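Novice: Below you'll find the structure I mean.
The values are calculated or read from the model by the stated rules, or taken from the named source; none is laboratory data. Everything quoted here is computed from the prediction, not taken from an experiment. A quick note on method: Cβ atoms are made from the backbone with ideal geometry, for glycine too, and the neighbour counts reach across all protein chains shown.
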Amino acid sequence: MSDDKTPPAQGVDQTLASIPAVDHESLEKETRPSDNDDETTTTTTTNNLSDGDNTPSQGESNHVDPPKGPSPPGKWATRLRRAWNWKPKPARYDPANPPEFTLWLNVLFGFASCFTVSNLYYNQPILNRIAETFEVSFERASSVATLMQAGYAGGLLLLCPLGDVFPRRPFIIALVAFTATMWLPLCLTPTFAPFQALSFLTGFTTVTPQLMLPLVGELAPPHRRASSLAVVVSGLSLGILAARTLSGILAAYTHWRNIYWLGFGLQWLVVGSLWVWLPDYPSKNPGGGYGGMLAGVGGLMVREPLLVQASAVAFLLSAVFTSFWTTLSFLLASPPFGYGSVVIGLFGLIGVVVIFAAPVYSRLVIDKVQPLVSAVMGLAVELVGVAVGTFTGSFTVAGPVVQAITIDLGSQFTQIGNRAAIYAIQPKAQNRVNTAYMVASFSGQLTGTAVGNRLYAQGGWVYSGSCSIAFIGFAIIVCLARGPRETGWIGWSGGWPIRRDDLRAAKAKPADVETPTEREPEEIELSNRKSLPRE
C-alpha cells in the first residue's frame, strides 16, 4: 500500500465532517400537514447531503407513511355532510328550472300522509289487548291513545311552524326517520311506562301530513289546487280508516304488536320514497327565528279575518265529526240493533267511496267555485244528513248510514274549500297558517268527543245529534257573515259570486287574436315576405 493513502478511520471522520448539519426545526415545519388539506402530506429528503442542498432530487422523493390512529373528526364530519346533502336526480332542485308539480308527486304526498298519520290510530282498536299484555287496567291502557294525541297536538303547535324556516325536504325526511327509529323500541319494550313515553314522543313527531298540505297548497297551480289538496286529504282519511281496520283484524288473529311492526316497515318505506323523489325545495324564510314564528301564529289569528272564519268553521265541523263517530258505537251496540264489535268496526268502511271520490269531485266542482261556496255546499249536505240520521237512527240503521255518508262528503267539501282559501293568505307563512287552522280543528275534535259523550249519556242519540245540528247551523252563519270578496271581518262587499274570480275573468276575456302591433317584428317581416308574389 502507498504511504500517502489515508487511513480508513481518518477518511470516515473527514467525510462526516464535510456533511452539513440538518436543520431539524425546518424539516419539522416542512413535514407538518396543512390544516386546509385532508390528504396526508408527504415529505422528501435529499439523497445527496454532501452537496448541502436540502431540495429533493426530481423523481427521488421518499414517501413517509401517515401516522397510525383515528382520522381527524373533521374528515368524517365532511363525509357525513356530503352524504346527507347528496340527492338522487329526481330530488334535485334547479332554481332556473324548478320541478313541475306532477300527479306522481301529488300521489307521493298522499302516500306519505296516509302511512304516517296511521301511527296515531293503530292503538285505538287494541287498547284491551294492550291492557292484558302490560297487566294494567283498561283506564290506564286508554292513556296510550290520549298521550299519542296529546303529542300530536304539541307537534302541531311547536314543529309545524318550522316548515316556514327549514328547507322542507331534509326537515320532513328527518322527522319521519326519527319517528321510525323511535318506533322500534315501541315494538319491543316490555314495560308500560316506556311504552307511554314513546307513544307521546312518536305522536309529537308524526306531523308529516300537516307539512305536506301547505307544500301542496304552495306548489299546485290555482286551477288545480283543490283537487291536489283532495289527494292528500284523501290519503289522510284513508290512513285513519286503514289503521283502525288493519289493527282490529291483525289483533284478532295474531299478536297485537304485529300491527306496530307493520307500521315500522311502512314508515321506513315512506322515508325511502321521500328520499328518492321529494324535491329539495328551498326555505321560504331562511334565517327566521323560532320564537318569532310561534308568535306569528297568534298574530295571524288577529290580523287575518279569512283565517279566523275558516278556523271557526273547522272547529265546529270537527266537533260534529268526532261526536258522531264516538257515540255511534253506543247506538249500534244497544237495542234494537245489538251489533258486535266486528260489525261496528266495519261500519267505518262506508266512507271509503267518499275518500276515493274526493279528488274527482274536487276537480269537477270545488276547483271551479269560490272556496267559501264549496264550504257552504258541504255544510248544507251535512246538515241534511245529520238531521235525517238524528231523527231516524233510533229505529232504523239506514239513518246512521245516511249520516255517515253525508258527514264524510260534507267534511271533504268544506275542509278542502277552507284549505284552498287559507293557503293563499300569506305564501311565506303557509305552515303557520296551517298550524292555526289545525289547532282550531283539533280543539273541535276534543270538544266534540266530550260534549257528544256527555249529551248521549243524558238524553241518548237524539240529544247528541241535536247538538250537532246546532253546530252546523252556527257554522253556516259564520260562512254567510263574510262574503268571498270581503276584506274586513263582516260584510258582503264585492258581492257573492259562485265561480272563482280568475275563471270568470278568463271566460269574459275575448279570444286571443293577434294584431299586427302585438306580433313580433320578425314574424311580421316573415309574413310579408310570404305574401309577396314570386318572380
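Novice: Quick check on region 456-480: of everything there that is in contact (Cβ under 8 Å) with a residue 24 or more places away in the chain and among the aliphatic types (A, V, I, L, M), which residue is nearest to residue 326 (Cα to Cα)?
Specialist: Within region 456-480, the match that is nearest to residue 326 (Cα to Cα) is 462.
Novice: Another one. Among the candidates 142, 113, which residue alone is touching a Leu at 6+ places or on another chain (Cβ under 6 Å), surrounded by fewer than 21 Cβ atoms within 10 Å (Cβ to Cβ) and of a type outside the set (Val, Ile, Thr)? Outline the logic, then answer.
Specialist: Values: 113 fails: surrounded by fewer than 21 Cβ atoms within 10 Å (Cβ to Cβ).
Residue meeting the stated conditions: 142.
Novice: Could you give every pair whose Cβ atoms fall below 6 Å, whose first residue belongs to region 394-415 and is farther than 21 Å from residue 371 by Cα, and whose second residue is among the aromatic types (Phe, Trp, Tyr) and part of a helix (DSSP H, G or I), counting only separations of at least 6 or pairs across chains?
Specialist: Pairs that qualify, where the first residue is farther than 21 Å from residue 371 by Cα and the partner is among the aromatic types (Phe, Trp, Tyr) and part of a helix (DSSP H, G or I), are 394/461.
Novice: Right, here's the next one. Going through 273, 234 one at a time, which residue ends up being of a type in the set (Gly, Ala, Ser), surrounded by fewer than 18 Cβ atoms within 10 Å (Cβ to Cβ) and not assigned by TED's automatic domain parsing to the domain that holds residue 408? Step through it out loud before you land on a result.
Specialist: On the way: 234 fails: surrounded by fewer than 18 Cβ atoms within 10 Å (Cβ to Cβ).
Going through 273, 234 in turn, the sole match is 273.
Novice: Yes or no: region 482-493 includes at least one residue that is surrounded by 12 or more Cβ atoms within 10 Å (Cβ to Cβ), farther than 28 Å from residue 297 by Cβ and modelled with pLDDT of 80 or more.
Specialist: Yes: region 482-493 contains one or more residues that are surrounded by 12 or more Cβ atoms within 10 Å (Cβ to Cβ), farther than 28 Å from residue 297 by Cβ and modelled with pLDDT of 80 or more.
Novice: Here is a further query. When you scan region 454-466, do you find a residue that is within 28 Å of residue 158 (Cα to Cα) and either aliphatic (A, V, I, L, M) or buried (at least 22 other Cβ atoms within 10 Å of the Cβ) (or both), even just one? Give the derivation first.
Specialist: Looking only at region 454-466, we keep the residues that are within 28 Å of residue 158 (Cα to Cα), and these are none.
Within region 454-466, none of the residues are within 28 Å of residue 158 (Cα to Cα) and either aliphatic (A, V, I, L, M) or buried (at least 22 other Cβ atoms within 10 Å of the Cβ) (or both).
Novice: Would you be able to say whether some residue in region 218-227 is in contact (Cβ under 8 Å) with a residue 12 or more places away in the chain, of a type in the set (Lys, Arg) and surrounded by 22 or more Cβ atoms within 10 Å (Cβ to Cβ)? Don't jump to the end; show me each part of the working.
Specialist: Pass one, region 218-227, residues in contact (Cβ under 8 Å) with a residue 12 or more places away in the chain: 218-227.
With the extra rule that they be of a type in the set (Lys, Arg), the set shrinks to 224-225.
Imposing the further condition that a residue be surrounded by 22 or more Cβ atoms within 10 Å (Cβ to Cβ) reduces the set to 225.
Yes - at least one qualifying residue is present in region 218-227.
Novice: For region 219-260, name all the residues that are outside any loop (DSSP other than H, G, I, E, B) and among the hydroxyl-bearing types (Ser, Thr, Tyr).
Specialist: Of all residues in region 219-260, those outside any loop (DSSP other than H, G, I, E, B) come to 219, 222-253, 257-260.
Answer for region 219-260, where residues must be outside any loop (DSSP other than H, G, I, E, B) and among the hydroxyl-bearing types (Ser, Thr, Tyr): 227, 228, 234, 237, 245, 247, 253, 260.
Novice: Can you spot a residue in region 336-351 that is touching a Pro at 6+ places or on another chain (Cβ under 8 Å), crowded, with 19+ Cβ neighbours inside 10 Å and not assigned by TED's automatic domain parsing to the domain that holds residue 232?
Specialist: Step one: filter region 336-351 for residues touching a Pro at 6+ places or on another chain (Cβ under 8 Å), giving 345, 347.
After this cut, where a residue has to be crowded, with 19+ Cβ neighbours inside 10 Å as well, the list is none.
No, that holds for no residue.
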